[in-house]
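Structure record follows, encoded as structure tokens.
The values are calculated or read from the model by the stated rules, or taken from the named source; none is laboratory data. Just so we're clear, the structure is a prediction, and the values are computed from it rather than from any experiment. A quick note on method: Cβ atoms are made from the backbone with ideal geometry, for glycine too, and the neighbour counts reach across all protein chains shown. Note: accessible area is taken over every heavy atom of the protein model, side chains too, but ligands, DNA and RNA are not part of it. Shrake-Rupley method; radii C 1.70, N 1.55, O 1.52, S 1.80 Å.
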Amino acid sequence: MTIRDIWQAIVRRWYAVVAVFAIVAGLTFYFGQNDGLYTTRTVVSFSVPGPSDPLEQGGSRKQGVITFAAALAREINDGREPTRYASADAPLYGAGIRQGVLVGLPDTGGQWGVFYSRADIEIQIVGPTYEWVEHKQQTILAKVRASAEAQQRAVNVPDASFFSSAVEPITLKIDHVAPSRTAKAAAMAAMAVVAILIGGWAALTWDRIMRRRMEQATLATRPTRPAISNEVML
């Protein structure tokens, strides 16, 4: 099949191309109405009671405190291990999630293993509105505090020996993530290419179907020739 044959099929079945362009345009407009997402990466740090090293940033490096924070994160996740991605710094929305929560410890072990270097619980939240993300943030923070106290009281830890927790103030910020104009233009161009390819395929396929039906209808209506008798008249 030559390019001329394809072009003729598109011209004959132009309505198939128009239908595909209408569907793609509708989808592009629908997704284009999205003003972006709201996201936060809130960190709760745990440390042993008493004066801490002023040079140490974040949660404690002691294995016991890290184990406690990991168990706490697992409890917040209803007993499930948190989902891990190839990069610990990858944002939750980068995985295609538009509304969800991820609670876990920052993993610095890479792709070959799991290694938690600090007793930090990281709460990643992504959602469609600022209010939804803020509500989830406050709800999970309250659950972390309550669960930390309940776990320590369950083993009769004195109040003076409780692991102290602190929320890093800068991580309470909720950011708005939206595509740039360049990204929107690139997305529209990509959708246009998709519409052209699918439209051409739809026109070509529909043209083949219709031509096959016409050929079958022609054969069905063609008169049949009478059979020639081989009998010899005596």
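Comparison of A187, A148 shows that the only residue that is open to solvent by less than 70 Å² (accessible area, probe 1.4 Å), modelled with pLDDT of 85 or more and over 20 Å from L92 (Cβ atoms) is A148. F162 meets all of the listed conditions (1) out of contact with any Pro (no Cβ under 8 Å at 6 or more places or on another chain); (2) over 30 Å from L27 (Cα atoms); (3) not small (G, A, S) but one, namely (1). Cβ-Cβ distances below 9 Å connect the following pairs, each with a first residue in segment 129-144 that is open to solvent by less than 70 Å² (accessible area, probe 1.4 Å), a second residue that is among the polar types (S, T, N, Q), and a separation of six or more residues or different chains: W132/Q99; V133/T39; V133/T40; Q137/T40; Q137/T42; I140/T42; L141/T42; V144/S165. Cβ-Cβ distances below 9 Å connect the following pairs, each with a first residue in segment 175-203 that is closer than 18 Å to L27 by Cα, a second residue that is of a type in the set (S, T, Y) and open to solvent by less than 80 Å² (accessible area, probe 1.4 Å), and a separation of six or more residues or different chains: A187/T28; M188/T28; M191/T28; A192/T28; A195/T28. Could you list, in sequence order, the residues of segment 2-22 that are without any contact (Cβ under 8 Å) to a residue 40 or more places away in the chain and open to solvent by 100 Å² or more (accessible area, probe 1.4 Å)? I3, R4, W7 - these are the residues of segment 2-22 that are without any contact (Cβ under 8 Å) to a residue 40 or more places away in the chain and open to solvent by 100 Å² or more (accessible area, probe 1.4 Å). Within segment 30-66, the residues that satisfy the criterion of being at pLDDT below 85, open to solvent by 50 Å² or more (accessible area, probe 1.4 Å) and among the hydroxyl-bearing types (S, T, Y) are Y30, S52.
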